[in-house]
Amino acid sequence: MCYSALIRADYAKLVREFGAVLSLEEFAELYAHDPGKKRPKTPKAMDDGFAGARTELGRDIVAKIQQWHAQERQQLQAELERQLERRDIANATLATRPTQKARNDLRVAGNRIDRAQARLDDLHREQLLPRDNRIFPGTYAPVMVSENGRRVIKPMRYQCRLPDKPARNDALYPGTYNARRDSLEGYWRGAFGLRHGVVVVQAFYEHVPRHAIAGRTLHNDEKEQDVVLEFRPDPPRDLLLACLWAEWEGPEGRLLSFATITDGPSIDVAAAGHDRGVLPIRAEHLDAWLNPDPDNLAAQYAILDDREEIRYVYEEAA
């Protein structure tokens, strides 16, 4: 299962290269600031992509993002102060009467201080790093869909909630960020042939057992060790990952979400020891994929079948 990917979040390039329109209204709705709700999980590159916006709506999105950042900085600063005080108390206790609780408090406080400071540094940092483009389940990403025959880019959560499913399914079925090809007409029948999209990525990540990478079986006394591998096309290029998406509405509000379609792995992914892989579609099939005929699912399967054998280089992710 593809659990993570490096997205393209350069909106100007996406619009220019794919002739798409950026749905500023959907981004504005996503970023709408409400102190009473959780901040939407968005990669830094997606937020920073609006820097220098020239339209009124674009500048409004920047203002909304800055409001979220200001609220988060305030919360992080408060967390830092709490953990610094906890650390000082633990150190004082250890100096006079060492206890297990003081040792635990010192360790926990140190970890939380490091996390809070790292996040604060990210909020202040202007230069983007590769990890700023990375999405995980529950994170939002720009997804290309079709509206009235026109390519449109909208922000969607990377874990799909179908319209007929309750919100609790997110926790009950956490793997719904991937849609297996063999279940497209089963669990995913409410989206397959109806709502197709693509997410443009530069790399993707897979969990692979270390012994599988080496092409061997586990020793009798050996425990399985999980490794995250980053797969990049060789030569470097954008991948148009086939997706299904949905619009959900309920008491919790409105949600746009998507899942990447997975199937048998490519040669290099299989050689690395993984048994499934994402499905990049050819650029010439983009419009046919984004505008499916629900009465001709065979044509959609044909697009998924007509995939080129992309070569990948892979390495253990940082």
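If I take all pairs of Cα atoms in region 32-78, what percentage of them are more than 11 Å from each other? When every Cα pair of region 32-78 is considered, 69 percent fall beyond 11 Å. Taking amide hydrogens as placed 1.01 Å from N in the peptide plane, the amide H of Gly197 sits under 5 Å from those of Cys243, Leu244, Trp245, each at least 5 positions away in sequence or on another chain.
With all protein chains kept in place, the per residue accessible area of region 185-276 amounts to 46 square angstrom at a probe of 1.4 angstrom. Among the listed pairs Lys13/Lys37; Lys13/Lys154; Lys101/Lys223; Lys38/Lys154, those whose Cα-Cα separation exceeds 26 Å are Lys13/Lys37; Lys101/Lys223. Across Ile303, Ile135, Ile267, mean-square fluctuation computed from a Gaussian network of the chain (C-alpha pairs under 10 Å connected) peaks at Ile267.
Could you tell me what percent of the DSSP beta bridges with both partners in the chain are antiparallel, to the nearest 5?
On the way: 44 of 51 bridges.
Percentage antiparallel, nearest 5: 85.
Couplings for region 267-280, taken from phi via the Karplus curve 6.51 cos²θ - 1.76 cosθ + 1.60 with θ = phi - 60°, read 4, 6, 5, 5, 5, 7, x, 10, 9, 9, x, 5, 10, x Hz in order; Gly and Pro are left as x. Distances between placed amide hydrogens fall under 5 Å for Arg180 paired with Thr262, all partners being 5 or more residues away or on another chain.
Here the Karplus relation 6.51 cos²θ - 1.76 cosθ + 1.60, evaluated at θ = phi - 60°, turns the backbone of region 299-315 into coupling constants of 5, 6, 4, 5, 5, 5, 6, 7, 9, 6, 7, 6, 8, 10, 9, 9, 8 Hz, with x for every Gly and Pro. Taking 0.36 nm per residue of separation and subtracting the current Cα-Cα distance, fully stretching the chain between Glu252 and Thr55 would add 67.9 nm. FRET efficiency for the pair Lys38 and Val108, taken as 1/(1 + (r/R0)^6) with r the Cβ-Cβ distance and R0 = 30 Å, rounds to 0.85.
Dimensions of region 274-318 based on its C-alpha atoms, expressed as ranges along the principal axes with the largest first, amount to 43, 21, 19 Å. As a length-normalised measure over Cα pairs under 8 Å and 6 or more apart, the relative contact order of the chain settles at 20 percent. Among Ser146, Ser23, Ser266, the residue with the largest mean-square fluctuation in a Gaussian network model of the chain, with springs joining Cα atoms closer than 10 Å, is Ser23. For Glu206, the residues whose modelled amide H falls within less than 5 Å of its own, excluding neighbours fewer than 5 places apart on the same chain, are Leu229, Phe231.
Over every pair of different alpha-carbon atoms in region 1-141, take the mean of 1/r and invert it; report that Kirkwood radius in Å.
On the way: mean 1/r = 0.0568 Å⁻¹.
Across region 1-141, the inverse of the average 1/r is 17.6 Å.
Rounded to the nearest 10 degrees, the angle from helix 56-96 to the longest Cα principal axis of the chain is 40 degrees. Each Cα pair under 8 Å and six or more residues apart adds its separation to the average, and for region 115-254 the resulting relative contact order is 23 percent. Farthest towards the positive end of the charge dipole of region 82-184, among the residues Val145, Ile89, Ser183, is the Cα of Ser183, using unit charges on the Cβ of Lys, Arg, Asp and Glu. Pair-distance distribution of the chain: all C-alpha pairs, bin width 10 Å, starting at 0; shares per bin in whole percent are 5, 23, 29, 24, 13, 5, 1, 0.
Sorted largest first, the principal axis extents computed over the alpha-carbon atoms of region 171-258 equal 50, 37, 26 Å. Between Tyr187 and Asn291, the simple spin-label model (points 7 angstrom out along Cα→Cβ) gives 3.1 nm. Contact order, relative form, for region 1-155: 39 percent (alpha carbon pairs under 8 Å, 6 or more residues apart, mean separation divided by residue count). Once the Cα atoms are used to define both axes, helix 100-124 deviates from the longest principal axis of the chain by about 50 degrees. Expressed as a whole percent, the accessible area of region 89-193 that falls on carbon and sulfur atoms is 50 (1.4 Å probe).
Based on the mean of other Cβ atoms within 10 Å per residue, sort peptides 283-296, 180-193 so the most packed one is first. Mind showing how you got there, number by number?
Working: 283-296: 14.3, 180-193: 16.3.
Highest mean packing first, the order is 180-193, 283-296.
With a simple spin-label model that places each label point 7 Å from the Cα along the Cα-to-Cβ direction, the separation between Glu126 and His219 comes to 5.3 nm. The residues of region 125-172 expose on average 49 square angstrom of accessible surface per residue, using a 1.4 Å probe on protein heavy atoms.
Taking all protein chains as present, what is the carbon and sulfur share of the accessible area of region 1-45, in % to the nearest whole number, probe 1.4 Å?
Values: 1160 of 2070 Å².
Ligands and nucleic acids excluded, carbon and sulfur give 56 percent.
Across region 16-31, computed HN-Hα scalar couplings (Karplus, 6.51 cos²θ - 1.76 cosθ + 1.60, θ = phi - 60°) run 5, 6, 10, x, 9, 10, 7, 7, 4, 4, 5, 5, 5, 5, 4, 8 Hz from first to last residue, x flagging Gly and Pro.
Between Gln300, Gln100, Gln159, the GNM of the chain built on Cα springs shorter than 10 angstrom shows Gln100 fluctuating the most. In region 171-318, the ratio of gyration radius to Kirkwood radius, Rg to Rh, stands at 1.01 when only Cα atoms are counted.
The values are calculated or read from the model by the stated rules, or taken from the named source; none is laboratory data. Since we're looking at a predicted model, the values are computed, not measured. Glycine gets a Cβ as well: all are built from the backbone with ideal geometry, and neighbour counts include every protein chain shown. All accessible areas refer to the heavy atoms of the entire protein, side chains included, with ligands and DNA or RNA removed. Shrake-Rupley method; radii C 1.70, N 1.55, O 1.52, S 1.80 Å.
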